[in-house]
Amino acid sequence: MNGKAKRILAAVSIPSFLIGTDFTGAMLLVTPIEQEYSVDITTTQWVLNAYALTLSMGLVAGGRLGDMLGHRRFVLIGLAIFLFASLACILAPNVTALIVARALQGIGSALVWPCILALAATSVEEDERAQAMGILMGTVAGGNVPAPFIAGTLAEFGDWRGFFVFNLVFALIAMVLIARFIEREKEHNTDEAVDLAGMAVLAGGVFCLLFGLDVGADNGWTDWVTLSLFAIACALFVLFPLIEKAVRDPMIPVSMMRNHQFVRTLALNGLPAIVLFLCLLYLPQYMQKVLGWSIFWSAMGMLPLAVVVASMNLAVGNYYNSVGPRKLMSLGHAFLMAGCVGMLFLQTAWGYLALVPIMVLVGLGGGLVFGPAGTAAVNAVGAKGAGLAGGLSFMFHLGLGAIGIAFATSMMFLSATRVVENALAAATIKLGSQDIHTLAAGTLKDPAVAAIIDKLNSKDAVTVTAAVRDSFAEGLHTAFWFGLVVAAVGVVVSLSVDEKKLKTEPEQT
């Protein structure tokens, strides 16, 4: 690899690392954001989901725009959007403004990621391309691992906004290096078009589904708004493949949708992400809200999960051909199931050591699935569709992860609400619906919960305190029952993969 190629790879590795940090790092900021804006998890989940939704839905469009008008140009445009959005996160006066800013960050990342992949691929010789792709995938995965520690440290010793200052500074550095070391491209593929209709319909369907889950948790599943959102989501999901068949350059080519092995591998890129994201979101909250740990120490507490995932990602590639993706992914999902079972038995009275084997199991499972699933997706379509397959794999990884978080959070809140309502009814304690909502969505560490308990007499205070403690534990159990089902589905899908068809290159039409 010559010096020019090394400089280009170094320049594009910085935004790759930045994209890797931005989703998992924000998970550690949920509690301080809740405290500052006086909101609960049903609202703060959108700080995560807004980024995941716009990033995952915009990846294919970002790649197409780069092909048409220049990858360097759209990396710089995407980084500029990301930089502006990071500043908006820092200055956000309320949680709504923060959610909008996070959505803008996702749009910027969606323009950057596919274009830096293309720049890396075209900067090296063909026999060095796998090495270049490995470096970029390693940096984005490398960003996932330290992100909670970066966010936790900045929030603990400064403010949660410090994480977005980190985003802003590194985006600026990346813009300077890319403008300095990467030349403007002279040729573009102007024959392609962006499937705006398909992208809008798919994004609209996912948004209505996520918003419906959020509204359903508050208003109930039979509420007309909830049912309307679900109906619109279903209609848009049905409409999407019809649009893809009609447009010239579809977001997902029809040949890929008909490739059953490829569809299975896309699912296998998303299913383990749901379980991993549940752990990344809820385990730090358990440490902060139940064990009473600070943000920094809860970030340190996630170290076993981070180390095991990173180690497995590095090691598992050596066994893809000898063991086979089918066995690796099946075993990985079995480990994820075991981790979820461990969470089902977790009690709030237990200490941190009870979480360690759970994190190790989930780390082993995720590490065994993520790499092989991505490689299998590329192999399912062959070399000609490798770039698009990689983008779609990442889209499903984030998209299904976001949907999983939304669904689990809704189930968790409904389960917690039921526990609180039953305890209040048994003790004939009358509280308003807003107070019940606050008790179900919070923990004993939350000031709003403490304020409600302080207004009660001593006997009722004991009852409500126990109900809040039990509701959080029951909510966690419900969320990981969902995770267990997801992991079990992953085992079934993994076993259905035909490895022989992954080694052939189907014709692209």
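One table, with the values for the structure above:
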read-out: Candidate set: region 201-248, residues that are aromatic (Phe, Trp, Tyr), without any contact (Cβ under 8 Å) to a residue 24 or more places away in the chain and farther than 21 Å from Ile99 by Cα; chosen: the one surrounded by the most Cβ atoms within 10 Å (Cβ to Cβ); value: Phe230
read-out: Among the residues listed as Arg64, Arg73, the single one being among the basic types (Lys, Arg) and surrounded by 19 or more Cβ atoms within 10 Å (Cβ to Cβ); value: Arg64
read-out: Condition met for Leu119 (touching a helix residue (DSSP H, G or I) at 6+ places or on another chain (Cβ under 8 Å), farther than 14 Å from Ile19 by Cα, surrounded by fewer than 21 Cβ atoms within 10 Å (Cβ to Cβ) and not polar (S, T, N, Q)); value: no
read-out: Ala416 vs. criteria in contact with a helix residue (DSSP H, G or I) (Cβ under 7 Å, 6 or more places away or on another chain), closer than 20 Å to Gly212 by Cα and aliphatic (A, V, I, L, M); value: yes
read-out: Listing of helices (runs of 4 or more DSSP H) fully contained in region 147-266 that carry 1 or more residues being modelled with pLDDT of 85 or more; value: 147-157, 162-181, 196-219, 224-246
read-out: Residue in region 272-280 that is modelled with pLDDT of 85 or more and outside any helix (DSSP H, G or I) present; value: no
read-out: Residue list for region 425-467, restricted to those being within 27 Å of Pro32 (Cα to Cα), surrounded by 11 or more Cβ atoms within 10 Å (Cβ to Cβ), more than 29 Å from the chain's Cα centre (by Cα) and among the acidic types (Asp, Glu); value: Asp435
read-out: Cross-chain or 6+ apart pairs with Cβ under 6 Å, region 456-469 first and within 19 Å of Ala441 (Cβ to Cβ), then part of a loop (DSSP other than H, G, I, E, B) and among the acidic types (Asp, Glu); value: none
read-out: Cβ pairs under 8 Å, 6+ apart, first in region 342-354 and assigned to a loop (DSSP other than H, G, I, E, B), second among the β-branched types (Val, Ile, Thr); value: Leu346/Ile358; Thr348/Val290
read-out: Any hit, region 1-22, residues being small (Gly, Ala, Ser) and within 11 Å of the chain's Cα centre (by Cα); value: yes
read-out: Any helices (runs of 4 or more DSSP H) falling wholly within region 403-509 and containing at least 1 residues that are farther than 30 Å from Val323 by Cβ; value: 433-441, 447-454, 458-495
read-out: Among the residues listed as Pro325, Pro284, Pro304, the single one being crowded, with 23+ Cβ neighbours inside 10 Å, closer than 21 Å to Pro357 by Cβ and not hydrophobic (A, V, I, L, M, F, W, C); value: Pro284
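The values are calculated or read from the model by the stated rules, or taken from the named source; none is laboratory data. Just so we're clear, the structure is a prediction, and the values are computed from it rather than from any experiment. Methodologically, a virtual Cβ is constructed for each residue, glycine included, from the backbone with ideal geometry; neighbour enumeration extends over all protein chains shown.
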